[in-house]
Amino acid sequence: MTEAPRKVFIDGEAGTTGLQIREKLAGRRDVAIVSIDPEKRKDAGAKAEILRQVDLTILCLPDAAARESVALVESLGAEGPRVLDASTAHRVAPGWTYGFPELGPDQDREIAAARRVSNPGCYATGAIAILRPLVEAGLIDPGQPLAINAVSGFSGGGKQMIEAYEAGRAPAFELYALGLEHKHVPEIMAYGGLRARPLFVPSVGNFRQGMLVSLPLCLNELPGEPHAVDLEAVLADHYAGRTHVRVVAAEDSGRLEPEALNDTNDLEIRVFANEARRHALVVARLDNLGKGASGAAVQNLNLMLGLTP
């Protein structure tokens with residue numbers, strides 16, 4: 001006998017992430033998307049009725065609205081569904097499980113068992129993928145000063161940025177969040193294992209999607225003064241056997257473009273080095289809308305509902 005499909009409500013399905021999640025789930029027989037009448041999307045009573053019907057709700061909402069939806073789910077008690085929050089609201093909140101299955105050997109099992117899962121931020125995914133294994137191995141001191149640089153396609157910048165780029169009103173490239181208070185820093189610290197706040201400098205380029213997150217390192221300033229091959233070995237060991245995160249050899253060209261993994265849920269890590277100068281650059285490449293958003297959400301959905309992707 002075929003099992004009934006698991007019911008999922010995407011709260012905020014008209015946004016970029018919500019639309020992409022819906023597209024990735026289209027055609028699957030093991031998942032049924034339940035939608036709310038657009039005119040009733042702010043009607044708490046109508047939303048509560050849908051929440052009682054579904055196994056999982058995915059929140060693709062601004063932070064304040066996500067907190068309101070979680071409060072509504074909590075008010076339903078045992079009738080409420082499990083929650084996967086794609087906003088920033090609960091990424092470092094107590095009682096929430098971080099939705100990066102490759103974070104550690106048991107993280108996928110913790111996600112599978114959790115009632116409340118926070119989907120990681122796009123920049124944070126790349127940064128944590130680099131940092132966590134190196135900090136755990138003692139190759140990076142969690143209290144040392146670090147700088148993290150990143151560039152994303154404009155689709156990660158919200159409605160106004162997307163409209164500006166699509167209309168040709170935006171520059172070819174720009175740094176932003178130069179108040180140095182980017183919302184992804186707390187989760188980078190929490191799940192990257194850092195004590196010292198890193199200097200995080202994001203930027204956006206005139207391409208729709210794709211992302212590079214890079215961590216420059218002076219090898220002689222690291223504990224034990226490791227070589228680049230030591231960094232690569234630790235990273236490769238951490239992600240051995242993983243489907244969506246892998247360590248690959250750095251290109252001899254000394255160049256790396258951000259769009260090669262678009263429309264996938266994959267993340268690649270490379271270690272570029274100049275041993276004569278004792279300098280290294282560790283780079284994560286991913287799709288900001290894939291492993292950085294909707295792809296990760298579907299990966300977490302599969303774990304939470306016990307479904308085979």
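The values are calculated or read from the model by the stated rules, or taken from the named source; none is laboratory data. As the structure is a computational prediction, the values presented were derived from the model and not from experiment. Quick reminder, even Gly has a Cβ in these numbers, built from the backbone with ideal geometry, and neighbours come from all protein chains shown. Each accessible area value is taken on the protein alone, full model and side chains, heavy atoms only, with ligands, DNA and RNA left out. Shrake-Rupley method; radii C 1.70, N 1.55, O 1.52, S 1.80 Å.
Tabulated data
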| quantity | calculated |
| --- | --- |
| Å² of accessible area per residue within the chain, as computed with a 1.4 Å probe and no ligands counted | 46 Å² |
| Förster radius 22 Å - calculated FRET efficiency between residue 243 and residue 110, Cβ distance, rounded to 0.05 | 0.80 |
| Net length gained if the chain between residue 41 and residue 175 were fully extended (0.36 nm per residue, minus Cα distance) | 44.7 nm |
| Sequence ranges 293-301, 279-287, 79-87, 102-110, ranked by mean other-Cβ count within 10 angstrom, highest first | 293-301, 279-287, 79-87, 102-110 |
| Percent carbon-and-sulfur accessible area, the chain, ignoring ligands, DNA and RNA, probe 1.4 Å | 51 percent |
| Matching label, Rg/Rh (Cα atoms, Kirkwood Rh) computed from the structure shown, candidates (1) 1.23; (2) 0.98; (3) 1.06 | (2) |
| Directionally averaged projected area (convex hull, Cα atoms, the stretch 239-282), nm² | 3.8 nm² |
| Residues of type lysines that residue 159 reaches as a straight line, Cα spacing below 25 Å, ignoring anything fewer than 8 places off in the same chain | 24, 40, 42, 47, 183, 291 |
| At R0 = 22 Å, FRET efficiency that the Cβ-Cβ distance of residue 252 and residue 278 yields, to 0.05 | 0.65 |
| Computed lengthening from residue 307 to residue 74, 0.36 nm per intervening residue step minus Cα-Cα distance | 81.4 nm |
